[in-house]
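S.K.: Handing you a structure now.
The values are calculated or read from the model by the stated rules, or taken from the named source; none is laboratory data. Because the structure is a prediction, the values reported are computed rather than measured. Cβ coordinates were reconstructed from backbone atoms using ideal geometry, including for glycine residues, and neighbour counts include every protein chain displayed. Remember, those area values only see protein heavy atoms, side chains included, never the ligands or the DNA or RNA. Shrake-Rupley method; radii C 1.70, N 1.55, O 1.52, S 1.80 Å.
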Amino acid sequence: MATDGINLSGYDKKTIASGAKLRIGIVVAEWNSDITSALYKGAFDTLIDLGVQPTNIIKWDVPGSFELVYGAKKMQEQMVNAVIAIGSVIQGETKHFDFVCNAVSQGIKDLNVNRETPVIFCVLTDDTKQQAIDRSGGKHGNKGVEAAVAAVRMAHLRSNA
Ligand code: DLZ
């Protein structure tokens, strides 16, 4: 998935149904909080731009990306139309990176397969901090923006399907 020089976060508001009646849950990991707070801001601002009421955006914090699965599962039970899971995992010297990335991606996939409320994967899995900066409001855009667009689209797909 080569993204060199590409800002992936543009969207055409005209093509996205309004979020005015939606309630969206956002679960945010505290690890690498400079990155996850920038992702959260991108998601929040985009939800507002798409018509979601600020009071209908529910934010919970969890310690790290590993805890996003449990946080997202409990958030699914809060009468929300979609959930966004936000994290940033950065490669270190050990295999911890692989275990956390596998657990959170498989866990969120399982929530999508087994339960009704869609969960959007907004977890950066980068080799370096710079790569994370580039994707949380830097030269490659902000994955939080893309996650918010995905959440609104999936919430509508859920209610129309
Ligand atoms: C322990 C750990 C490490 C080493 N790295 C990260 C990371 O880069 N990003 C992240 O979100 N969390 C990390 N964690 C914490 C784990 O996700 C988890 O919070 C702990 O293992 C406790 O279950």
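S.K.: Could you derive backbone 3J(HN,Hα) for region 34-43 from the dihedral phi with the Karplus parameters 6.51, -1.76 and 1.60 (θ = phi - 60°), listing whole Hz in sequence and x where the residue is Gly or Pro?
M.R.: 3J(HN,Hα) across region 34-43, in whole Hz: 4, 6, 5, 5, 5, 5, 4, 4, x, 5.
S.K.: Among Phe97, Thr125, Val27, which residue has its Cα furthest toward the positive end of the charge dipole of region 21-160, with +1 on Lys/Arg Cβ and -1 on Asp/Glu Cβ?
M.R.: Val27
S.K.: Mind checking the full-extension length gain between Ala17 and His96? Use 0.36 nm per residue of separation minus the Cα-Cα distance, one decimal, nm.
M.R.: 24.5 nm
S.K.: Another question, if that's okay. Could you tell me what percent of the accessible area of region 21-160 is made up of carbon and sulfur, with a 1.4 Å probe and every protein chain present?
M.R.: 53
S.K.: With only Lys, Arg, Asp and Glu charged, each at its Cβ (+1 for the first two, -1 for the last two), find how big the charge dipole of the chain is about the Cα centre; round to the nearest 20 debye.
M.R.: Its charge dipole is roughly 600 debye.
S.K.: Which of Ile133, Ile84, Ile48 ends up with the largest GNM mean-square fluctuation for the chain, with Cα atoms connected below 10 Å?
M.R.: Ile48
S.K.: First check a/c for region 94-161, with a ≥ b ≥ c the square roots of the eigenvalues of its C-alpha gyration tensor; if it is under 1.5, answer rounded, and if not, answer prolate when a/b is larger than b/c or oblate otherwise.
M.R.: Oblate, because a/c is 1.5 or more while a/b does not exceed b/c.
S.K.: Let me ask another. For Gly137, enumerate residues with amide H under 5 Å from its amide H, sequence gap 5+ or separate chain, H modeled in the peptide plane.
M.R.: Amide H neighbours of Gly137, under 5 Å, 5+ apart: Asn142, Lys143.
S.K.: I would also like to ask the following. Provide the per-residue ³J(HN,Hα) series for region 82-88, in order, calculated from phi with Karplus coefficients 6.51, -1.76, 1.60 and θ = phi - 60°, each as a whole number of Hz, with x at glycine and proline positions.
M.R.: After applying 6.51 cos²θ - 1.76 cosθ + 1.60, I find 7, 10, 10, 9, 10, x, 9 Hz.
S.K.: May I pose another question? Within 10 Å of each candidate Cβ there may be at most 11 other Cβ atoms; applying that plus a DSSP loop requirement, which GluC sites (Glu not before Pro) in region 1-83 survive?
M.R.: Glu77
S.K.: On to the next question. So how much accessible area does Lys73 have, in Å² to the nearest 10, using a 1.4 Å probe?
M.R.: Looks like 80 Å² after rounding.
S.K.: Count the DSSP beta bridges whose two residues both fall in the chain, then state the antiparallel fraction as a percent rounded to the nearest 5.
M.R.: 10
S.K.: Give the peptides 113-125, 92-104, 135-147 in descending order of average Cβ contacts within 10 Å, highest first.
M.R.: Ranked by mean Cβ neighbours within 10 Å, highest first: 135-147, 113-125, 92-104.
S.K.: Report the Rg/Rh value for region 14-57, based on alpha-carbon coordinates and the Kirkwood definition of Rh.
M.R.: For region 14-57, the value is 1.04.
S.K.: Something else about it: For region 83-125, what is the convex hull (Cα atoms) projected area averaged across all directions, in square nanometres?
M.R.: Averaging across all directions leaves 2.7 nm² for the Cα convex hull.
S.K.: Sequence neighbours fewer than 8 away in the same chain don't count; with that in mind, list the aspartates and glutamates whose C-alpha is under 19 Å from Lys143.
M.R.: Within the straight-line limit of under 19 Å, Lys143 reaches these aspartates and glutamates: Asp4, Asp12, Glu30, Asp34, Asp45, Asp49, Asp61, Asp126, Asp127, Asp134.
S.K.: Which of rounded, prolate, oblate describes region 21-160, given a ≥ b ≥ c as roots of the alpha-carbon gyration tensor eigenvalues and a/c under 1.5 marking rounded, otherwise prolate only if a/b is larger than b/c?
M.R.: Because a/c hits 1.5 or more and a/b fails to exceed b/c, region 21-160 counts as oblate.
S.K.: Over the chain, what is the relative contact order in percent, taking alpha-carbon pairs closer than 8 angstrom and at least six residues apart?
M.R.: Averaging sequence separation for qualifying contacts and normalising by length gives 33 percent for the chain.
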